Every structure is written in structure tokens, then in C-alpha cells.
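Okay, structure first, notes after.
The values are calculated or read from the model by the stated rules, or taken from the named source; none is laboratory data. Here the structure is a predicted model, which means the values were calculated and not measured. Cβ atoms come from the backbone with ideal geometry, glycine included; neighbour counts cover every protein chain shown. Please note that ligands, DNA and RNA were not included when accessible areas were found on the heavy atoms of the full protein model with its side chains. Shrake-Rupley method; radii C 1.70, N 1.55, O 1.52, S 1.80 Å.
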Amino acid sequence: MKIEKAELVVSAPDRESWPDTTLPEIVLAGRSNVGKSSFINAITERKRLAYVGNTPGKTRLLNFFNLNDRYMLVDVPGYGYANASKEQLMRFGAMMEDYFTSRKQKKGMVILIDARHMPSEDDLSMLEYARYYEIPLCIVATKLDKVKPSQRLHQCKLLRKALSLREREALIPFSSITKEGSDQIWQILISMWEA
């Protein structure tokens, strides 16, 4: 998909700050440092749309990105960040719960996992959370370029098994460097937004 317009609309600390639009939204979730910002920049073909930091746990708010005035991507704080205080974790949890239970525009969720590693307990919890709320789901295995080509197919099979993916839950290997997987991801995103 050609992205003519891609902009950060708001970084929202609470529901009062959520944008007042009817655009369909897809949530991006994943562990800290899994490459969510790089993913956003790669699929929108922008270098600095989302801030890519060297320190994990930079995203502390819900970041709403407008794409072509048709769709919205919502980047949520990374989970599993060791240096987050209990208070921060409670606040993140409440913010997420509020969004998932009350935001009518949500159409789906993309959970990013690191292609090199087995899913963490946090990844599995997020997957169960999406299933519980019956949110359409896609799993993106990031940093594919760091997995040897000869091991990629095997690694994806292991990931699918570890996640106990259901028939309609896609796992897409992706590299923000080579853009491998972008076309497939766009097909899924559009089908979620348009559903």
C-alpha cells in the first residue's frame, strides 16, 4: 500500500487525550526492544515517524499514527521492561485495559515477537489477552535478517508451535532492514481495518 500521509496524531497518557476520530485502529504490541518503532517506520516507508531509541521502554504513552486519513496505528508501551517501576506497570496495565475494553475503533492487534527467540511469558499473556477480547490478531516475527536463511523456516515452525497459533492467526516473518514480509503484513492490516 502506498502511504501518502503518515503522521503522529497524539501521544496519549489517558482516554481524555485519545483522538476523536472514527478511523479504524490496529494496535501494535510487543516486548520492549522488539522493534515496534522500526516496524512502523519500515512499513510506512518513513525514517523518523516513530522514535527509535537505544534504550528499551521508551514508549510510555499510546501513540496514535494517522495513515492516509483512512487508518490508525496505535503503538502501545512495550511490556516486559525490567526497569519499569511497579507504579508504571500498574499505570500501563490500567491504560491498556481502558483502551481494550472501551475503544470502539479497535479492529485488530499485531503482536511483535523477536524471530530469534522463543516467545516470553509476556508474549503469551498478550496473545491470551487478545483472544479473550476476541480481537483479530496477527503475529509478526521481527529481526528476521538476524536469523540465518537456512534456519528461518524451522524457527517459524517452532514459534508457531510455542504460540499454539490457531488456524486464522497468521505468523509473518519480517525484517525492517530488508522489508521482507511487508506486502503480506499490509494485506492483513487492510483486511482488519476494512472488516
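Could you say whether any residue in region 173-185 is of a type outside the set (Ser, Thr, Tyr), within 22 Å of ALA50 (Cβ to Cβ), part of a helix (DSSP H, G or I) and open to solvent by less than 20 Å² (accessible area, probe 1.4 Å)?
yes
Please state which one of SER175, SER125 is over 22 Å from ASN66 (Cα atoms) and at pLDDT 95 or above.
Of SER175, SER125, the one residue that is over 22 Å from ASN66 (Cα atoms) and at pLDDT 95 or above is SER175.
List pairs: first residue in region 1-17 and polar (S, T, N, Q), second residue open to solvent by 80 Å² or more (accessible area, probe 1.4 Å) anywhere in the structure, Cβ distance under 9 angstrom, at least six positions apart or on different chains.
SER11/ARG60
Out of ARG131, ARG103, ARG91, ARG152, report the one residue that is more than 17 Å from the chain's Cα centre (by Cα) and closer than 30 Å to GLU16 by Cα.
Result: ARG91 is the single residue among ARG131, ARG103, ARG91, ARG152 that is more than 17 Å from the chain's Cα centre (by Cα) and closer than 30 Å to GLU16 by Cα.
Given the conditions (1) open to solvent by 40 Å² or more (accessible area, probe 1.4 Å); (2) of a type in the set (S, T, N, Q); (3) at pLDDT 90 or above, and given that ASN66 satisfies all but one, which numbered condition is not satisfied?
Of the numbered conditions (1) open to solvent by 40 Å² or more (accessible area, probe 1.4 Å); (2) of a type in the set (S, T, N, Q); (3) at pLDDT 90 or above, the odd one out for ASN66 is (1).
So which of ALA6, ALA29, ALA82 ends up being open to solvent by 10 Å² or more (accessible area, probe 1.4 Å), modelled with pLDDT of 85 or more and among the aliphatic types (A, V, I, L, M)?
ALA6
Mind checking which residues of region 100-120 are more than 24 Å from ILE177 (Cβ to Cβ), touching a strand residue (DSSP E or B) at 6+ places or on another chain (Cβ under 9 Å) and assigned to a loop (DSSP other than H, G, I, E, B)?
ARG103, GLN105, listed by residue number.
Just to be sure, is ARG168 open to solvent by 30 Å² or more (accessible area, probe 1.4 Å) and either assigned to a helix (DSSP H, G or I) or in contact with a helix residue (DSSP H, G or I) (Cβ under 8 Å, 6 or more places away or on another chain) (or both)?
No.
Testing ILE135 on (1) buried (at least 21 other Cβ atoms within 10 Å of the Cβ); (2) aliphatic (A, V, I, L, M); (3) outside any helix (DSSP H, G or I), one condition comes back false. Which one is that?
Just one mismatch for ILE135, condition (1).
Give the residue, chosen from LEU153, LEU159, LEU189, that is part of a helix (DSSP H, G or I), open to solvent by 100 Å² or more (accessible area, probe 1.4 Å) and aliphatic (A, V, I, L, M).
LEU153
Any residue at all in region 88-99 that is open to solvent by less than 80 Å² (accessible area, probe 1.4 Å), outside any helix (DSSP H, G or I), out of contact with any Pro (no Cβ under 9 Å at 6 or more places or on another chain) and not charged (D, E, K, R)?
Within region 88-99, none of the residues are open to solvent by less than 80 Å² (accessible area, probe 1.4 Å), outside any helix (DSSP H, G or I), out of contact with any Pro (no Cβ under 9 Å at 6 or more places or on another chain) and not charged (D, E, K, R).
I need the full set of residues from region 95-145 which are under 12 Å from VAL27 (Cβ atoms) and among the β-branched types (Val, Ile, Thr), in order please.
Result: VAL110, ILE111, ILE135.
I'm checking my understanding of the structure. Among residues of region 9-26 that are more than 15 Å from the chain's Cα centre (by Cα) and hydrophobic (A, V, I, L, M, F, W, C), which one is most open to solvent (accessible area, probe 1.4 Å)?
VAL9
Before we move on, is ASP123 assigned to a helix (DSSP H, G or I), among the charged types (D, E, K, R), open to solvent by less than 40 Å² (accessible area, probe 1.4 Å) and in contact (Cβ under 8 Å) with a residue 24 or more places away in the chain?
Yes; evaluated as a whole, the condition is true for this residue.
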